[in-house]
Structures are given as structure tokens and as C-alpha cells.
Amino acid sequence: MTESTGRIETIAGPVVKCSGLPSVRMYEVVRVGTQKLIGEVIEVSDKEFTAQVYEETSGLAPGEPVISTGDSLSVELGPGLLGAIYDGIQRPLPELREMSGDFISRGLNVDALNKEKKWEFKPSVEVGAKVSPGDIIGKVPETGILTTMIMIPVGVQGEVVEIASEDEYTVIETICKVKDSHGDIHDVIMMQRTPVRVGRGFKDRAPMDTPLLTGQRVIDTFMPQAKGGTGAIPGGFGTGKTVTLHQFAKWADAQVVVYVGCGERGNEMTEALEEWPSLKDPKSGRPLMERTVLIANTSNMPVAAREASIYVAVTIAEYFRDQGFDVALMADSTSRWAEALREISGRLGQLPSEEGYPAYLGSRLAQFYERGGRVKTLASDERLGSITICGAVSPPGGDFSEPVTQATLRIVKVFWALDKDLAARRFFPAINTLTSYSLYHSTLKKWHIENLGEDWPELVKESLALLQKDQELREIVQLVGPDALPESERAILEAARMIKEDFLTQSALHEIDTYSPIGKTYRMLRVIIGFTQRMAAAVKMGVQVKRILDLSVLDNIARMKITPLDTYEEQMDAVEKKMEREFKSLLQELSDSGLLSEPVV
Amino acid sequence: MSNTSIVYRSVSDVSGPLLIVENTHDVSYNEVVKVRAPNGELLTGTVLETGRGRAIIQVFEGTSGLDADITAVRFTGETMHLPVSTEILGRVLDGAGNPLDKGPPLTAEDHWDIYGSPINPYARQYPRQPIQTGLSSIDGLNTLVRGQKLPIFSGSGLPHNRIAAQIVRQAKIPGEESDFAIVFGAMGITATEAQYFMDSFEETGALEHTALFLNLANDPAIERIITPRAALTAAEYLAYESDLHVLVILTDMTNYAEALREISAARSEIPGRRGYPGYLYTDLSLIYERAGRIKGRKGTITQMPILSMPQDDMTHPIPDLTGYITEGQIIVGRSVHRRGIYPPIDPGPSLSRLMKEGIGEGMTRFDHKEVQAQLYYGYSEGCDLRDLVAVVGAEALTERDQKYLKFADRFEAEFINQGEFEDRSFEQTLDIGWDLLSDFPERELKRCDPDTISWAKNQNLYKSS
Ligand SMILES: Nc1ncnc2c1ncn2[C@@H]1O[C@H](COP(=O)(O)OP(=O)(O)OP(=O)(O)O)[C@@H](O)[C@H]1O
Ligand SMILES: [Mg+2]
């Protein structure tokens, strides 16, 4: 047995206890058994250590060797990430398929980034320039959507003594040489390697004053996310977590999307792979896949890699943040990650806390969400980048009082509560407007007013008030029937019905409705609230709700959702005019026949 | 790998389904173990934990009759494998894959590991071809798609077996005579239930395309851990090596999960909800995720697991975790059943998530999406009103509301309700849908495109005055 080889002592599922590697470190990657399965050290004691193995351990036996690598679990960062799909430890799935066919076998070793592919590099510094970590020394037009910035890695500082000319290079060719203050020369390549468990550094946090627009009306209006914010979407099965996160991945105005399918369905990753390349980014018109990195540890893939997948994803997100981009990270589902944590912890014999989860569940979740945020990146100049994290939570039985949901709610600032009843009625997105919230309303207010209109906060407030009132009234109706309500309250029920039917519901499957730019969302809300105000005023003057519901403008309102993006401005103008006209003539008609309690002024 | 010629007589403990053997050498994790009981019977188990000269073994037949003195244990050095070939069709096997019929031992083209390996998500192809089951409540509202895993959630005393048998009888892809096979995995169902399925397969001549794995109620409980895996291994062979479209019925998954709970309890693992192990989700997904469709391969695996919900409780861990893994669920509802409707499928909580890609022009009919949405809307409005009427009486309802109330009744009686041998085509199902929607004025049909409505009028399907 050489110095860097230990032996397996016991095996229980993904947890393997080993001996004989005195210098092994926590979180070091080890190769386990004769098949060299990939594992990571998660516990070190006097004579022994424990590794979690990222591959199926069937057939592994005590006495088999364990080799230390001296490396911690790291990701490769550089050109080639965009459009890729990786497993939970950043092995590219297409390459795995080439090696082992349609089913994933074990002991496969593949590089995350292609080392042979050449990328067009365009230098942006000259010899003699002073550079520090994070400074951009060149650019690679990686995809039609995004130009990747090549940065000076951490640990390198000094003067550029050589810089590659504009040409094609692989990610491991030296493109720059930097002389530090001791006169030592550092070779810089395009690729960086970063351990996944500690975040990439930044200078400072920056205020989150810009919304991450998702194109989903209920969210952008009532519980908006901020660029750099954190949000969670809990809900029982089939309530719409994945659809919503897919919608974010498709339509959110982020420059880079990292989507991690953590312990979920294989077909959902396939759906993304098949659909997203053919969807166009509304801004650039380029395929959405060109801005996307997918990480897939599906539920049938090894549990330990599930635990790692979240960190792999957020480290990739940080790399793009550091380049100055707004990144959106979607994790579906953080509950499966927590369960992986629970399973490993159980096998380690750690003392369980609530529902078997380890006591550190809350702190691990917090550490993960902490890696989101809007920051001033490492660099000599001022550069802002952000990571917005949106995590799905899958509470057992749809009951939000369970530990993962509760721990998550203590951390995140946006809460999109999915409602089983709404989902059962096919009311999608099944987000409960009354229990969901965003703590970013006030920081985003300025943006909303400047970019939409002075009236935005008022419109939002008024709609929420109507929905709230509607809920109360409906409880009464359940007791006494609708006949008992006065006309003014019936008008409220109708107003709420319009908000729900014509504004809140949004089909992810409809070609046009799937994406609602914020300008369209604003105009729609203005029309609807405009209508409800006119309706309330008319009812006050003695008009019956029934008469108002006959107005033909209601049909136009119902079809606002599906007005094409290039013509909605004109169409909404027309709807507003028609609405005004129809109300006027209705009042006139009733007033003429003396049916109003107040005269038309 | 362990030395397969050593016979251990060093059993130190027998507890529940577990056997602990001492002084073992390099026994590998999850390998198959042969156990000779004192009475000479040969039992099978697998290694759950190994190391430091000790192995913990789960014995599938249970450990009754085993002792610490005479019981002999031999490790085989291999994980559990099933002999696979197309000749498995037409055979009746026990829950571990050994012949129960009078036939010869299974021929083997190959031996496949029953645990399988995960399909590379990059190798999957998204399921898009609808299967016509002939049941409107499924085809019209929650279409089943090839390669999907769509469970039936039911309860004791509900006719889920009749529904499953009807689906097996009628399932087809219209206009495509295809190579079709059924793999049926029974876990802990009664002999009568098993016989019902066999008779029903036989009647329709399906039996020769069927492989049955039967672990019945009086068979060893722990064997149920193998049954679905053996069944799916056979299905994978049939689908991916023999290009067949395989429908896998697994029933009853609740019994499977209970076997898992028994092992977990015997190992004194920290229990999750209601005593089920914390890894139940992962374990179930290793079964359900074996459904699918793979790029470049002809065959597919569609799964319909059946499970009975204890106390009809959908939040019980078994249906709950199943719902979190499968691509929707079909709910057999007790109240629908009480109203005398067959099949008593409750549309509200039922859902087929893969339907959206599998319906419409070229697959079912172009108007399917809209009709489905409109029917759903109408039925859920109607059901709400039923609740209201119970309180305030029907007179308090508006004319519009009356329509919805009536619609809900007709919908149940004419659309959901159908004969056990009535095989409706997609067109027939959608036509019934339009007929019911004819009770509403055009303006009420907000889920339908005006063009679709005019088409339906022209076809004389939508007959509203
Ligand atoms: N915005 C939407 N538009 C249209 N349909 C939707 C929408 N949201 C959800 N759905 C419907 O609900 C189904 C379930 O949604 P989804 O797969 O997102 O659930 P989930 O919460 O992720 O469930 P699970 O926890 O089991 O993964 C979808 O297949 C789709 O039919
Ligand atoms: Mg989901």
C-alpha cells in the first residue's frame, strides 16, 4: 500500500468508511475501489475517514483501495459552459453517453470543459497593463447571446508581460503572462478551477434595486423578484413548481441561466434540452439554450451527487456573476437536496433533529442562499453582477410547516406559495396571491415608477385589496348565497373574477401568453383596474352589475392576454377608449330613461 | 469480490428479515447471498451493509426457521440478476422471477442486473405519442403518453383492478398496429385479484404478450422489494432489445413500501414520516424513473403503478412521494364511485403532465386542448355550485349557475361514465365533450378559440342555439 492509498473498511449505501490515508482532508476528492468511483471526504477522524460516493456502490467490497487526489471537489469554468448539460458533479452528459451508452455506468472520468476545442479570443489589455484578480483581459464570443469575459484568476496580480493576439485558443493554452511584484511570472489560461464548497470572492454587496422580470404577470406584479434576490416556491406535487421555474429559465431577463434539476424527473431535463434550443430569447432573438447551463442529477442518479449538484450550480453561477452578468439560478428541488443531506447524515449516525434532518439543515440552506446577491465583483474597476436564486421546495403532503419549508422561509425574501386547490381547478399559475409575498416591493418601487408609471403601486395595491375583499365575500356567499349581497359587493366579486381570469391566470403552454413583458402586464392591469373603478362608480349611481357585464369590451379584455407582443400598445389604447365609450353610453342610456339614482355629470 | 466457495456458519443474530454474519471476508455491498436453512431450504438475500468482518443481510423469504448454529451462508460475488429473453412473454413467475407455471426454466439471452442503471437524461426522448385507452376520463382529460409513468391512486374496495384490466384490454395507438407487451408485477395482492387479471388477459388473448411476476399476499413480504425491479428489468429487455412497447402494471405499490419499511425498522434506521424510511422517495424513483423513451430505440416503457391510499389519504407518504415522482396521477374517487359512476375517476385531482405534448393536430385532434380546458372549467364550476346548493338551495342560483350545475351532472353521467367494455376513440370522446358544451352559449366558452367553435358548429358537434 503506497502512501496515497487507503482501504475500504465498511460500505453502507453511498457512505464508505475508509482507513489508511493519514493526510486526507475534509472535502477532498478520493477514488474509491477498483472501479475508481468518485467520492468526497465528509468526515475525518483519528485513523479513519468517511467518504460519500457519487456513484452507485453495489459490488464494492471492504479491502478495496481508496486513492487520494489532493484536490477538493471543483468545477471547471471557462468557455464551453453555455449550452452544456452536466451531471451533479459536472460531468457532461453527452460525453457520458458516448462513453457508456444510454445508461450511465460507473467509474467514468470526463473533463467538464473540452480541452481541444478552440475559441476565438480577443485581448482587451495591452502589455504593461496592471492587473488584479477579476480584471478582464479578453473576450470570447461564446454564443450568439453571450460574450464570455476572460478574467485574471485569484492569486495573480501584477503587470501583463505577454498577451495573446486575437486568434483561436483552447481553454488551457496560455493567453497571458503576468509578472508579480517579486518578479515571478504567472501563466494565465482561459479556464479556471474553483472548489465548489466555498463561494467565489467579491468586493462588496450592492443594493438590489432592479427587478428580475420573469414575464409571469402574477409574479412581476404581486411578488416581484429582485436581481440578486432569493425566492422559494413551495408546493405539493403537481402544483406548478417546475413549470414556474422553467418559465423563469425561459423568460427571465437574466443574461445567464443556470438550471439545476436536483433529484427530479429525467423527462423534465429532456424537455428543457429539446425545447429550449428552439425558443428565442425575446431580446436577442437567439436560442435560449445559448445562455443556459443545465445540471441534472435526476432522482434515480446517485444521492450523494445530489448533495453536490447545488454547489456545482452556484459556483458556475458565480463565475458568470464575476464577469458582470445577471445570473438566474433555478434549483428544482431544494427538498431533494435536503433529503440527500438527511440520508447521508443518517448513515453517518449523526444525531437527528426535526423529522430526521440534521441539525445543520438550516445553516446549510442559509449558506447556499447567501451565495446569491448583487455584488461589486473582484476587479480593479467597478463592475456589478448578480445571482438570483429561486428554489423549489417540495413539502411532504403539501404541508408548509415541515422543516425544509420553514428553514427556507426564514432565509428567502420572496415567497411564492403554490395552492393545491387552485392547481386542482387548473388555475395556473396556482400561486396564492394572498399568502405569497415579496420583501423587495419597496426597493423596487423606484424602478417600477420610472419604467412603468406613477400609478403602478396604486394599481397593485388596489388589485390586492379587491382580491382580499373577494375572499371575505365569498365566505359569506358560501353561507347565504349570492342573492344576499348588495350590488356594490357583487361588483367586487366581478372585479375579482376579472383580475383572476383575465390577468392572474397565464398559460405556460400558450404561444403568446407564456411570456408577458412587463409593459404589457402593466397595461393589462391598468385596463382591468380602470374597468373595475368605472364599474364601482356606475353601480354607485344605481347601475345593475348585470348590465355592466353585458358590455362587449369585456370580450376584448378577456383576450388581452393573447394580444401579440408587437401590437399590444395600440390594442390596449383601443380597449381603453372602447371601455370609456361603452360606459358613457350605458350611463347615458340609463340616465335618459331615468333609471339612475344620480344624474350623469 | 468475495470468495464464493466459502460457506459461513457464523450467523450471530437473526432479527426480523435480517441476518447478521460474522468473520466475513471482503463481502461486497448489495451482492446476492444464498442461505441454507436448518430444514434444508435454500433462501436468497442481499448484503445491506458490509465491513470489519461483518455483513448484514436481508433475506427475501424472511428468516423464520433460521438459527445461529446450523444456518449456512454463501456469498455469490454477484449482484442480483434476471435471465432475460423474449420468451419471458406468456410466462408466470414468482415475485423474484422464478417460474411458477409448469414451463421450463427461463431461457437467457443475457443476465441483467435487476437494479438497472439510470438512463442518461441526455439519451431520453420526450414522450409525445398518445395512447388511446378507450376511457374518456383518461383520453379526453388526462391523456396517457408512451413512455410516461402515470399511477392510479385508489382505495380499498374501489374498482382500480377493473380499470387497469380495461386499460390493458383497450390500450392502443390509433392507426398504428404496434408490437405491444405487458409486464405485470403483483406485490401482495390476493390470489383472487391475480386470477382476475390473468383471466382478463386470457380472454383478450393478451396473456401471450404478458409476463407476470406474482408475489401474492401470502408470499414472503420482503421479496416484494425484488418484484418491481425484476419486472422492470424484463420490461427493459423487451423494450430496448426487442423493440416492444411495454406497458408495466405494478400493483400494489403500498405493499412494496411496507416491505421497505419493515427492513428499515429492522435496521433501526431513523424513520421518516409515518415510519417509512427517509429514502423512500429515492427508492421509489429508482423504480418509476425506469419508464421512458430513448433516442434511437424503438421500444418504450410506460408504467401504470397502482396503489391503494391508506384511509383514502392522498397526503400519506406513499401516494404523496409517488405523486412527486410520476408524471401525474389518475385518482379513483370514492364519492364518484358512490354516485354509481364507472370508471369512478375523479377529474379534479387527476392530472397527466405529459398530455400537453401528446395531444392536438396529428396526434389526437386539433381541438383537444381547448375542449379539455373548457370541460375542466365547466365541471369545476359545477362542483363548486353543488356545494353552494347544498347550503342555499337551487332556487338561489342564477340562470348561468343552473347551467353549470346541470352540466356537472351530465358530464359525470355521459362523459366519465361508460361501459366496462365500451372502447371509445379519441374522436368519440371529444364529440361527447362538444355535445355537453352545447348547453352553454358561445360566450361562456372562454377557453375555446372562436375559430374552433365555428369549426365545431360546422361539424355539427357544437349545437348551442
Ligand atoms: N403556468 C402554467 N400553465 C399551464 N399549466 C401549468 C402551469 N403551471 C402548472 N401547470 C400544469 O401543472 C402540471 C404540474 O406542474 P409542475 O410539473 O410544475 O408541478 P410541480 O410542482 O413541479 O410538481 P412536482 O413536485 O411533482 O415536481 C403541469 O404539467 C401542467 O399541466
Ligand atoms: Mg416538479
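Summary table below
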| item | result |
| --- | --- |
| Candidates B:L321, B:L375 - the one that is within 16 Å of ligand 1 (Cβ to nearest atom), over 25 Å from the mean Cα position of the chain (by Cα) and part of a helix (DSSP H, G or I) | B:L375 |
| Residue within the stretch B:4-17 that is at pLDDT 90 or above, within 32 Å of the chain's Cα centre (by Cα) and surrounded by fewer than 21 Cβ atoms within 10 Å (Cβ to Cβ) present | no |
| B:R353 vs. criteria surrounded by fewer than 20 Cβ atoms within 10 Å (Cβ to Cβ) and touching a residue at least 24 places away in the same chain (Cβ under 8 Å) | no |
| Only listed residue being out of contact with any strand residue (DSSP E or B) (no Cβ under 8 Å at 6 or more places or on another chain) and not polar (S, T, N, Q), chosen from B:P220, B:P271 | B:P220 |
| Selection from the stretch A:372-385 of residues that are surrounded by fewer than 21 Cβ atoms within 10 Å (Cβ to Cβ) and under 21 Å from the mean Cα position of the chain (by Cα) | A:K376, A:L384 |
| Within the stretch A:79-114, tally of residues that are free of Cβ contacts under 8 Å to residues at least 12 places away in the same chain and on the phi < 0 side of the Ramachandran plot | 8 |
| All positions within the stretch B:1-19 that are part of a strand (DSSP E or B), farther than 13 Å from B:D67 by Cβ and among the β-branched types (V, I, T) | B:V7 |
| Helices (runs of 4 or more DSSP H) contained in the stretch A:435-506 and holding at least 3 residues within 16 Å of ligand 2 (Cβ to nearest atom) and within 14 Å of chain B (Cβ to nearest Cβ) | none |
| Scan of the stretch B:290-308 for residues that are buried (at least 24 other Cβ atoms within 10 Å of the Cβ) and at the interface with chain A (Cβ under 8 Å from one of its Cβ atoms), ordered by number | B:R290, B:G292 |
| Flag for A:L418 being within 24 Å of the chain's Cα centre (by Cα), closer than 30 Å to A:P486 by Cβ, aliphatic (A, V, I, L, M) and within 16 Å of ligand 1 (Cβ to nearest atom) | no |
| Criterion (touching a residue at least 24 places away in the same chain (Cβ under 8 Å), closer than 25 Å to A:R383 by Cβ and within 15 Å of ligand 2 (Cβ to nearest atom)) met by exactly one of A:A249, A:A328 | A:A249 |
| The stretch A:433-455, subset buried (at least 16 other Cβ atoms within 10 Å of the Cβ) and either without any contact (Cβ under 8 Å) to a residue 40 or more places away in the chain or β-branched (V, I, T) (or both), residue farthest from ligand 1 (Cβ to nearest atom) | A:T443 |
| Residue in the stretch B:47-76 that is farthest from B:H25 (Cα to Cα), counting only those that are within 9 Å of chain A (Cβ to nearest Cβ) and not basic (K, R) | B:L48 |
| Of all residues in the stretch A:406-421 being within 16 Å of ligand 2 (Cβ to nearest atom) and within 14 Å of another protein chain (Cβ to nearest Cβ), the one that is surrounded by the fewest Cβ atoms within 10 Å (Cβ to Cβ) | A:K420 |
| Enumeration of residues in the stretch B:101-129 that are of a type in the set (D, E, K, R), more than 30 Å from B:A194 (Cα to Cα) and assigned to a strand (DSSP E or B) | B:R124 |
| Conditions (1) surrounded by fewer than 22 Cβ atoms within 10 Å (Cβ to Cβ); (2) more than 16 Å from ligand 1 (Cβ to nearest atom); (3) charged (D, E, K, R); (4) at the interface with chain B (Cβ under 9 Å from one of its Cβ atoms); number of the one not met by A:E343 | (1) |
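The values are calculated or read from the model by the stated rules, or taken from the named source; none is laboratory data. If you're wondering where the values come from, they're calculated on a predicted model, not measured in any experiment. Here the Cβ is made from the backbone with ideal geometry for all residues, glycine too, and neighbour counts use every protein chain on show.
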